[in-house]
Structures are given as structure tokens and as C-alpha cells.
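Visitor: I am attaching a structure below and will ask some questions about it afterwards.
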Amino acid sequence: MLLSTVVFLPVIFALIVLVWPQTKTARHVAFALSLVEFFISLMILQNFDSSTAQLQMVEKHNWIERFGIQYFLGIDGISLWLVLLTTFLTPIIILGSWKSIENKIKGFHAAMFILQSAMLGTFLSMDAIFFYVFWELSLIPMYFIVGIWGGSRRIYATMKFFIFTMAGSVLMLVAIIYLMYLTQQATGQMSASLLDFYKVKIPFVGGSVLNLQSLLFFAFSLAFAIKVPVWPVHTWLPDAHVEAPTAG
């Protein structure tokens, strides 16, 4: 249950901050709660077996059985450090925004906790649809962080960021759904599990950039390139980062 705890506890923290009666002390509460989250990630580190490359602390339950979509969390040696980095940086971000955020303080810290939850979900999800849900969820707090606490051109920057990211995400969703279909063809059962995707053998036809493997690669790569961002799909970045608050 450690993985579920580290992913969803920030959502509870967001609610606590929102209903906290005193706005002046909301920062202190948010900082203390972020340290609790970091402590939980240290517990994951303590329980992690570095001697194996296998997926660990797996939590797996059926979600939408008809389409093979599962609640599937797991951690490996790569995602472990991404989780630790996220939970380590969150208290620092809260401290860095201590004096720069002066309005809607509770809403700001709630948005930060929702963003933290979404990021941790993307790092730990082993189901493609589950991953996609967290991937898209991260857009919502970012939209409000830049749109409410950003600079004078924050609305323009926010809309540009949102449109760019959504465009790439739609392509990725199409690729995920098609991989689920290919998994059904290969195994006889539709599945969104990333482990089942490994069983799909997609032939690469040399000499053509329009073969299926290349198109699927392009769909995922474009979505990731926009989010990172990578040239030439980086044009949302200057506007968003200039207008975003320190935490953004």
C-alpha cells in the first residue's frame, strides 16, 4: 500500500489545506504535509531491494475488465529516484514560493499537491490508461498555477501550453488504444498493461517511415517532446516560464 499512499496522499493534503481555517498558517501546514510525503518516499526507499531489476511493491487490481484496464502500480530502480526527487523538491518549492505568493495561498498549495500526485502517478503507473489519466491530470493544476499566479500575459501563456500539450496527448491516446488492440490480437485478451505491451511484436518495414512501428513511436515521441519540451515543439515554453510563478 506504500505506492498508493505516496500517490494519493497529496490529494488528501490538498483538501486539508483548502479547508484550513487560517490562511496565514496555510503555508506552514502545506510545508509540514510535504515533509510527511517525503518521509513516506524514504520508507519506499528503505523497503526497495536494489539487488534485483524486477518490478517491486506491485499493487494490481481490476478496474475496467472489459478493456483489460487495471489499477496497476509498481516501482523499479528508475522510477524510485523520480519519486524521491519529486517528494524532495516539493518542500523546497513551497519554501521558494513563501513570499512570492500573496493571494489565494490555500488554492496555490492545493494545486501543488494535486500536481505532485499526478507526477507520482505517472512515474508509478504500469497500466497505459492509468498512466494517461495521471499524465492529463497534471495539466489541470499547471493550468491554474500559471493562469492564476502568473504574470500579466498568463492567460495567453496558459492557453498556449494547454493546447500544445493536449494536441500531443490525443496522439498518444490513439497510440495507446491501438496497442491495446494489438495486445488483444497477440494474446487473445485486450490489456492496457505495459508488461503485456512487451508481448506485442510489431514488424519494422525497412525503407519506409510510414510503417506501423514508426507511427506509434512518433505518436508517443511527439507527446513527450511537447511536454519536455524539445525543439521544434518548444514554443509554448518561453511564454509559460516567463509568466509562471517561481513554483511553475
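The values are calculated or read from the model by the stated rules, or taken from the named source; none is laboratory data. As the structure is a computational prediction, the values presented were derived from the model and not from experiment. Please note: Cβ atoms are built from the backbone with ideal geometry, for glycine as well, and neighbour counts cover all protein chains shown.
Visitor: Exactly one condition in (1) free of Cβ contacts under 8 Å to residues at least 40 places away in the same chain; (2) surrounded by fewer than 21 Cβ atoms within 10 Å (Cβ to Cβ); (3) under 27 Å from V36 (Cα atoms) is not met by G147; state its number.
Guide: Going through (1) free of Cβ contacts under 8 Å to residues at least 40 places away in the same chain; (2) surrounded by fewer than 21 Cβ atoms within 10 Å (Cβ to Cβ); (3) under 27 Å from V36 (Cα atoms) one by one, G147 breaks only (3).
Visitor: Now, a different point. Among the residues of the stretch 43-85, which ones are among the acidic types (D, E) and touching a Ser or Thr at 6+ places or on another chain (Cβ under 7 Å)?
Guide: If the condition is that a residue be among the acidic types (D, E) and touching a Ser or Thr at 6+ places or on another chain (Cβ under 7 Å), then E59 is the only one that fits.
Visitor: Tell me whether the stretch 160-175 contains one or more residues that are of a type in the set (V, I, T), under 19 Å from Q116 (Cα atoms) and either over 16 Å from the mean Cα position of the chain (by Cα) or part of a loop (DSSP other than H, G, I, E, B) (or both).
Guide: no
Visitor: Out of L137, L194, L171, L124, report the one residue that is more than 28 Å from T87 (Cα to Cα) and not aromatic (F, W, Y). Let's see the steps before the verdict.
Guide: On the way: L137 fails: more than 28 Å from T87 (Cα to Cα); L194 fails: more than 28 Å from T87 (Cα to Cα); L124 fails: more than 28 Å from T87 (Cα to Cα).
Every option except L171 fails the conditions.
Visitor: If you check S50, S41, which single one turns out to be surrounded by 12 or more Cβ atoms within 10 Å (Cβ to Cβ) and of a type in the set (S, T, Y)? Let's see the steps before the verdict.
Guide: Values: S50 fails: surrounded by 12 or more Cβ atoms within 10 Å (Cβ to Cβ).
One residue alone meets the criteria, S41.
Visitor: Identify, from the list W81, W63, the residue that is outside any loop (DSSP other than H, G, I, E, B), among the aromatic types (F, W, Y) and at pLDDT below 90.
Guide: Numbers: W81 fails: at pLDDT below 90.
The unique qualifying residue is W63.
Visitor: Do we have any residue at all in the stretch 14-34 that's closer than 15 Å to F113 by Cα, of a type in the set (S, T, Y) and either touching a Lys or Arg at 6+ places or on another chain (Cβ under 6 Å) or not in a loop (DSSP other than H, G, I, E, B) (or both)?
Guide: yes
Visitor: Another question, then. Of these, V58, V36, V19, which one is of a type in the set (A, V, I, L, M), in contact (Cβ under 8 Å) with a residue 12 or more places away in the chain and more than 23 Å from L194 (Cβ to Cβ)?
Guide: Details: V58 fails: more than 23 Å from L194 (Cβ to Cβ); V19 fails: in contact (Cβ under 8 Å) with a residue 12 or more places away in the chain.
Answer to the selection: V36.
Visitor: Tell me which residues, restricted to the stretch 66-102, are under 24 Å from F31 (Cβ atoms), in contact (Cβ under 8 Å) with a residue 60 or more places away in the chain and over 15 Å from the mean Cα position of the chain (by Cα).
Guide: Scanning the stretch 66-102 gives P91, I93, I94, L95, G96, S97, W98, S100, I101.
Visitor: May I ask you to verify whether I177 is modelled with pLDDT under 85 and hydrophobic (A, V, I, L, M, F, W, C)?
Guide: No: the conditions fail for I177.
Visitor: Would you point out the residue of the stretch 24-38, among those that are farther than 17 Å from L82 by Cβ and of a type in the set (A, V, I, L, M, F, W, C), that is surrounded by the most Cβ atoms within 10 Å (Cβ to Cβ)?
Guide: A30
Visitor: Determine if the stretch 94-110 includes at least one residue that is surrounded by 18 or more Cβ atoms within 10 Å (Cβ to Cβ) and polar (S, T, N, Q).
Guide: yes
Visitor: A follow-up question, please. Kindly indicate whether F204 is among the hydrophobic types (A, V, I, L, M, F, W, C), assigned to a loop (DSSP other than H, G, I, E, B) and modelled with pLDDT under 80.
Guide: When the stated conditions are applied, F204 passes them.
Visitor: Right, next: Assess whether A186 counts as being assigned to a helix (DSSP H, G or I), under 30 Å from R66 (Cβ atoms) and modelled with pLDDT under 80.
Guide: In short, yes.
Visitor: Checking I78 against (1) under 21 Å from Y132 (Cα atoms); (2) crowded, with 23+ Cβ neighbours inside 10 Å, which single condition isn't satisfied?
Guide: In the conditions (1) under 21 Å from Y132 (Cα atoms); (2) crowded, with 23+ Cβ neighbours inside 10 Å, I78 misses (2) alone.
Visitor: Out of the residues in the stretch 85-142 that are touching a strand residue (DSSP E or B) at 6+ places or on another chain (Cβ under 7 Å) and in a helix (DSSP H, G or I), which is farthest from V174 (Cα to Cα)?
Guide: Per the criteria, the residue is L124.
Here is a yes/no grid of residues against (1) among the basic types (K, R); (2) at pLDDT below 90:
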position: L124; (1), (2): no, no
position: S138; (1), (2): no, yes
position: M142; (1), (2): no, yes
position: V146; (1), (2): no, yes
position: R154; (1), (2): yes, yes
position: K160; (1), (2): yes, yes
